[in-house]
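Here the structure comes first, spelled out in structure tokens, and everything after it is commentary.
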Amino acid sequence: MAKMGMCDCGPSYAGRRQRGGAFLDRLAGGLVHAMDRALDADDLARRDGLLQRLDPRVKLAGLLGLIVVAVFVKSLAVLGGLFLVAVALALPSQVSLSRLARQIWLKVLAFTVLIALPAVFLVPGTIVARVPILLWPVTLQGIRSATFLLGRAETAATFALLLILTTPWPHVLKALRVFRAPIVLVAVLGMTHRYIFVFLESASQMFASRRSRMVGPLSPSDRRRVATATAGVLLDKALGLSTEVQLAMASRGYRGEVRLIDDFHATPLDGVALAGFAAIASAALWLQA
Amino acid sequence: MTGSLERPVIPAFELVDVHYAYPGAPALQGLSLTIEPGQRVALLGANGSGKSTLLRLLDGLYFADRGTVSAFGEALSEARLQDDATAFAFRRRVGLVFQNPDVQLFCPTVFDELAFGPLQLGWAKDEIRDRVAATLAEFSIAHLKDRPPHRLSGGEKKRVALASVLILNPEVLLLDEPTAGLDPQSASELIDYLVKCQGSGRTVIAATHDLDIVEDIADRCFVLQSGRLAASGAASEILDDAALCRSAHIAHAHYHRHGDAVDHHHHHRHTSEAAHGGLPQAAAPTKASQTS
């Protein structure tokens, strides 16, 4: 039987174990943090704010409309204007800029830069600089293309996050059904939302359990093997639990339709908001034309 | 009309030669049993004996691979439950409380959780609000109304899970390990509730390992072993049959401490067995356990 404990690990053992433990700590902490953030988002949707006061149907139509405009707009200035509109909607809705930066802007930036960066060098046009040593040309048109991609992604993601943060998820689903989204799509979205929670909780428990049984350091290859096996088990386990949740819902009469105790009631504010969304979208399209 | 007086009682459930298997693992093998309306039934058996699978078959969540399951005199099949009206009528009459309340509580608040079932069945919203308020009060959980269910304690979750099913006032209540994970106080309250069901006309079918509660919550027991019916009878008869309990792995000999003495008991010895002599104190577990 392999030796366990601290006897023969020498002075470096504690450090190595700490690194392994710290990794699992970070992972478990990250999962708990993700759950907390999701719960926090649910709280935020029930607070009083500009977007929270709007009828979910108006919000869904308006914000999805602005996302479509942001994707198709061909003027950087207009795209910048739409981004400012998103920021302007966030502040009176109790969505802080730091939250947007943490949850969306930095993450979208990290992913989009990877995709957009080659365009800076590959799109032909006026050379404005060269990469030191490699001497790759940086073109004006390339920068413009990359900026468009980044701007569209950031703006669309900001509108989407505003919708999610200011609307309880079941209301989003019900609003989708009002707009005749297929029942299968809505049921899948509902299940996905629940699955994410089940997955996070299972993952958090599994990593805590694994950490409690970690008695020595693993080699990098062992660590990779364990991580792969754990991921497989976790997916299987979460899927099983998610199926149980679905059975529990079916047991109480759920057949895919979204039914809520709250009825949607449009108010004069919703009329103003709808007109506002339409005006912004029209202005954006007119200005870029 | 005198004919109505002679009409035979339609069983709540009737299973004939039911087989059900998970991929590569048979769960129920030729199970036949009848449960009369208003009966309080305990399903006993070791882990993997098929109790939970049976409950899901009775709730129309699983369907038999072979054999027939009838509910209220009509075949319970996947094809029949495809029809919305039939499915809603069935869900209105039969409610299942899952063993793990976490899978049963999926709404943002306790209020939404209780309203979920009635909403699916298309009740009027004002009626739902009234019924939710009444049920919250009945289960002493009104103070939890706006709390997210996943942030409740284990006992509170179980209580909410039970309330979320009983708000529909089903004729048949199916319970999977009702006292699992509950502290003694919460378990006792749940048992009190189930005891009150006696004579109410509600059929209660509980799968349990907890032999201490069987006589309180059930008049009749079915003992399952490897997916087959090993025995059935009155609760007291089944619990008195020590050989049956041991062979079905639902009872075991165990040790526990009375002051300085350590006794060796067989769980649920009623009349036929005496306690054995104790083991040396050092070898005995110190945990106090339930007495027979």
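Restricting to segment B:104-153, name every residue that is small (G, A, S), in a loop (DSSP other than H, G, I, E, B) and closer than 20 Å to A:L173 by Cα. Break it down into steps so the answer makes sense when it comes.
From segment B:104-153, those small (G, A, S) are B:115, B:117, B:122, B:124, B:133-134, B:137, B:140, B:142, B:153; that's our starting set.
Filter again for in a loop (DSSP other than H, G, I, E, B), leaving B:122, B:124, B:140, B:153.
Hit for segment B:104-153 is B:G122, nothing else.
Check segment A:254-268 and report whether any residue there is part of a helix (DSSP H, G or I) and of a type outside the set (G, A, S). Lay out the reasoning, then the answer.
Looking only at segment A:254-268, we keep the residues that are part of a helix (DSSP H, G or I), and these are A:268.
Remaining after also requiring of a type outside the set (G, A, S): A:268.
Yes, segment A:254-268 contains a residue that is part of a helix (DSSP H, G or I) and of a type outside the set (G, A, S).
Can you find even one residue in segment A:200-209 that is among the hydrophobic types (A, V, I, L, M, F, W, C), buried (at least 16 other Cβ atoms within 10 Å of the Cβ), within 14 Å of chain B (Cβ to nearest Cβ) and closer than 30 Å to B:L119 by Cβ?
Yes, segment A:200-209 contains a residue that is among the hydrophobic types (A, V, I, L, M, F, W, C), buried (at least 16 other Cβ atoms within 10 Å of the Cβ), within 14 Å of chain B (Cβ to nearest Cβ) and closer than 30 Å to B:L119 by Cβ.
Which one of the conditions (1) modelled with pLDDT under 90; (2) more than 10 Å from chain A (Cβ to nearest Cβ) does B:H150 fail to meet, given that it meets all the rest?
(2)
Any residue in segment A:170-196 that's farther than 17 Å from A:A61 by Cα: show its pairings with residues that are in a helix (DSSP H, G or I) and basic (K, R) at Cβ separation under 9 Å, as long as the two are six or more apart or on different chains.
Matching pairs, first to second residue: A:I183/A:R177.
Quick check on segment A:228-240. Is at least one of its residues exposed (fewer than 14 other Cβ atoms within 10 Å of the Cβ), closer than 30 Å to B:L105 by Cβ and of a type in the set (S, T, N, Q)?
No, segment A:228-240 contains no residue that is exposed (fewer than 14 other Cβ atoms within 10 Å of the Cβ), closer than 30 Å to B:L105 by Cβ and of a type in the set (S, T, N, Q).
Restricting segment A:170-184 to residues that are at pLDDT 85 or above and more than 16 Å from A:D55 (Cβ to Cβ), which is surrounded by the most Cβ atoms within 10 Å (Cβ to Cβ)? Please lay out each step first, then the result.
Applying the first criterion (at pLDDT 85 or above) to segment A:170-184 yields A:171-182.
Cutting the leftovers down to more than 16 Å from A:D55 (Cβ to Cβ) gives us A:180-182.
On the way: A:R180: 7, A:A181: 15, A:P182: 11.
In this case the residue turns out to be A:A181.
As an exercise: evaluate B:R91 against (1) surrounded by fewer than 20 Cβ atoms within 10 Å (Cβ to Cβ); (2) at the interface with chain A (Cβ under 9 Å from one of its Cβ atoms) and give the number of the one condition it does not meet.
With respect to (1) surrounded by fewer than 20 Cβ atoms within 10 Å (Cβ to Cβ); (2) at the interface with chain A (Cβ under 9 Å from one of its Cβ atoms), B:R91 is out only on (1).
Hey, among the residues in segment A:249-273 that are crowded, with 17+ Cβ neighbours inside 10 Å and either touching a strand residue (DSSP E or B) at 6+ places or on another chain (Cβ under 7 Å) or over 12 Å from B:Q120 (Cβ atoms) (or both), which one's farthest from the other protein chains (Cβ to nearest Cβ)?
Here the residue is A:A273.
For segment A:135-238, which helices (runs of 4 or more DSSP H) that fit wholly inside it have 2 or more residues that are in contact with an Asp or Glu (Cβ under 8 Å, 6 or more places away or on another chain)?
Details: elements: A:140-166, A:169-178, A:183-212.
In segment A:135-238, the matching helices (runs of 4 or more DSSP H) lie at A:169-178, A:183-212.
Do we find a residue being farther than 20 Å from A:R255 by Cα, buried (at least 18 other Cβ atoms within 10 Å of the Cβ) and of a type outside the set (S, T, N, Q) anywhere in segment B:107-130?
Going through segment B:107-130, the residues farther than 20 Å from A:R255 by Cα turn out to be B:109-111, B:126-127, B:129-130.
In the following step, the residues that additionally are buried (at least 18 other Cβ atoms within 10 Å of the Cβ) were identified as B:110-111.
Going one step further and asking which of them are of a type outside the set (S, T, N, Q), we end up with B:110-111.
Yes, there is a match, as at least one residue in segment B:107-130 is farther than 20 Å from A:R255 by Cα, buried (at least 18 other Cβ atoms within 10 Å of the Cβ) and of a type outside the set (S, T, N, Q).
Name every residue in segment B:94-111 that is among the hydrophobic types (A, V, I, L, M, F, W, C), within 15 Å of the chain's Cα centre (by Cα) and at the interface with another protein chain (Cβ under 8 Å from one of its Cβ atoms), in order of residue number. Walk me through how you get there before you give the answer.
Restricting attention to segment B:94-111, the residues satisfying the condition of being among the hydrophobic types (A, V, I, L, M, F, W, C) are B:94, B:96-98, B:103, B:105-107, B:110-111.
Keeping just the survivors that are within 15 Å of the chain's Cα centre (by Cα) gives B:94, B:96-98.
Result: B:L96, B:F98.
The values are calculated or read from the model by the stated rules, or taken from the named source; none is laboratory data. Computed from a prediction, not measured in an experiment: that's the story for all the values here. All Cβ positions, glycine included, derive from the backbone under ideal geometry; neighbour counts span all protein chains shown.
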